[in-house]
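The values are calculated or read from the model by the stated rules, or taken from the named source; none is laboratory data. Not measured: the values here are computed from a predicted model. In this analysis, Cβ positions are derived from the backbone assuming ideal geometry, glycine residues included, and neighbour counts consider all displayed protein chains. In case anyone asks, the SASA skips ligands and DNA or RNA and just uses the protein heavy atoms, side chains included. Shrake-Rupley method; radii C 1.70, N 1.55, O 1.52, S 1.80 Å.
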Amino acid sequence: MVVATPIPLLRRGGNKKTAAFGVPTIDLSVDKSIASEMIVKACEDYGFFKVVSHGVPKKVIARMEREAADFFSRPVSQKGRAGPAAPFGYGCKNIGFNGDKGDLEYILLEANPVSLCQRAKTISNDPSTFSSVTNDYVSAVKKVACDILELVAEGLWIEDKSIFSKLISNSQNDSCFRVNHYPPFIAPNHHHDDQELIDNHWDPVSSVHEEELEEEPLHMMTSTVGSKSSRVGFGEHTDPQILTILRSNDVSGLQISSHDGFWIPVPPDPNEFFVFVGDSFQALTNGRFKSVRHRVMAMNSWKPRMSMMYFAAPALDTWITAPPQINSNITNNIYRPFKWGDFKQIVYSLRLADSRLDYFKNHHCPIMTPY
């Protein structure tokens with residue numbers, strides 16, 4: 001599979017900044033040495049990439065999507081029985097505990113069979129089916145996350161290829177699963193046609209070669225918070241965990257922030273998965289990988305957007321610190337070692353857009369390890 005090198009196309013307008021780029025795409029069926037090198041580069045350059053040939057059966061994805069769609073189609077009074085989210089359960093508009101809001105509803109679940117079985121009783125009229133379908137999906141995407149983490153270890157020339165994957169395969173892992181549902185949004189007084197709505201879902205570089213990029217028109221909407229053409233679905237943030245595996249339907253809205261401050265619309269792809277580097281992975285690689293800041297903007301669409309995220313996290317008592325192989329040529333850790341449970345408490349105490357890792361920066365201390 002030939003993958004074009006991501007080349008940004010920039011558009012500026014007032015204080016608006018957007019860009020289009022070819023999403024880094026990794027074929028997990030290619031030789032491991034090639035895939036591992038590409039994943040490491042994507043994690044370093046963007047903190048974000050798409051994986052294809054991931055091995056998750058379409059029926060597993062479709063069943064999970066049907067269960068989630070069935071839940072969100074119910075009256076508010078019925079959905080409310082699964083809430084309020086504290087943090088797990090059903091939530092609407094409110095994100096977290098510190099005043100963040102978004103134009104969405106969601107369910108947040110612990111990604112373990114026992115908890116899913118219990119939560120299913122308040123979510124579905126057929127709890128056994130819901131828990132079975134959700135467990136199948138979570139197990140499948142967890143394997144994808146483990147495969148990626150082992151490829152990362154190989155790409156970083158770490159002898160123990162399971163050094164990262166064993167953090168989330170541990171039976172006490174603190175991973176969770178979230179489904180976000182964003183209502184349809186048509187901008188007031190906006191004159192549109194069906195073709196424009198199609199254009200807003202189209203990848204401007206997915207079907208062209210690098211040399212053709214400058215000649216291809218950009219099919220996107222620039223957006224700023226509070227503009228009339230869009231509204232905030234989920235505000236800008238980074239994910240605190242190690243990795244996030246995201247799958248959405250065919251409705252656009254996801255944007256990632258580049259290192260130079262451009263918001264990049266990400267075309268949806270319901271058949272594949274998008275992978276985000278989380279804060280914990282940034283710390284585990286001593287800043288070599290960057291957790292990617294992202295958001296969801298509600299754009300013009302007749303359909304609701306629905307996305308499903310698996311957040312891969314270690315056990316609460318796991319120490320987060322870069323292994324010696326990564327620090328071999330570095331005199332200091334950027335971050336002091338911390339337990340995932342302690343970091344999680346900081347996350348819950350802050351606003352969505354806050355930079356949580358700043359609280360763990362270690363400017364002057366020598367390398368320390370808890371081992």
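For residues in segment 26-43 being part of a helix (DSSP H, G or I) and either in contact with a His (Cβ under 7 Å, 6 or more places away or on another chain) or closer than 14 Å to Phe276 by Cα (or both), which is most open to solvent (accessible area, probe 1.4 Å)? Looking at the filtered set, the residue picked out is Lys41.
Checking every residue in segment 136-151 against the condition of being surrounded by fewer than 20 Cβ atoms within 10 Å (Cβ to Cβ), over 19 Å from the mean Cα position of the chain (by Cα) and at pLDDT 95 or above gives at least one match. Any residue at all in segment 115-125 that's farther than 20 Å from Ser175 by Cα, in contact with a Pro (Cβ under 8 Å, 6 or more places away or on another chain) and open to solvent by less than 20 Å² (accessible area, probe 1.4 Å)? So far as segment 115-125 goes, no, none of its residues is farther than 20 Å from Ser175 by Cα, in contact with a Pro (Cβ under 8 Å, 6 or more places away or on another chain) and open to solvent by less than 20 Å² (accessible area, probe 1.4 Å).
Where helices (runs of 4 or more DSSP H) fall entirely within segment 44-157, none has at least 2 residues that are at positive phi and of a type in the set (S, T, N, Q).
If you go through segment 168-191 and pick out every residue that is in contact (Cβ under 8 Å) with a residue 60 or more places away in the chain and touching a helix residue (DSSP H, G or I) at 6+ places or on another chain (Cβ under 8 Å), you end up with 7.
Exactly one residue out of Arg288, Arg351, Arg295 is more than 17 Å from the chain's Cα centre (by Cα) and within 25 Å of Lys41 (Cβ to Cβ): that is Arg288. Each residue in segment 93-114 was checked for being under 16 Å from Arg81 (Cα atoms), open to solvent by 10 Å² or more (accessible area, probe 1.4 Å) and β-branched (Val, Ile, Thr), and 0 of them qualify. The residue of segment 245-292 that is nearest to Phe49 (Cα to Cα), among those that are out of contact with any Gly (no Cβ under 6 Å at 6 or more places or on another chain), of a type in the set (A, V, I, L, M) and not in a loop (DSSP other than H, G, I, E, B), is Val275. Inclusion of Leu108 among residues that are touching a Pro at 6+ places or on another chain (Cβ under 7 Å), closer than 26 Å to Met299 by Cα and of a type in the set (A, V, I, L, M) is warranted. Being open to solvent by less than 70 Å² (accessible area, probe 1.4 Å) and basic (Lys, Arg) is the filter; apply it to segment 48-76 and report the residue that is nearest to Tyr90 (Cα to Cα). The selected residue is Arg74. Within segment 303-326, the set of residues being closer than 12 Å to Ile168 by Cα, in contact with a helix residue (DSSP H, G or I) (Cβ under 9 Å, 6 or more places away or on another chain) and not small (Gly, Ala, Ser) comprises Tyr310, Pro314, Leu316, Thr318. Considering only residues in segment 337-359 that are open to solvent by 30 Å² or more (accessible area, probe 1.4 Å) and not in a helix (DSSP H, G or I), the one that is nearest to Thr321 (Cα to Cα) turns out to be Lys339.
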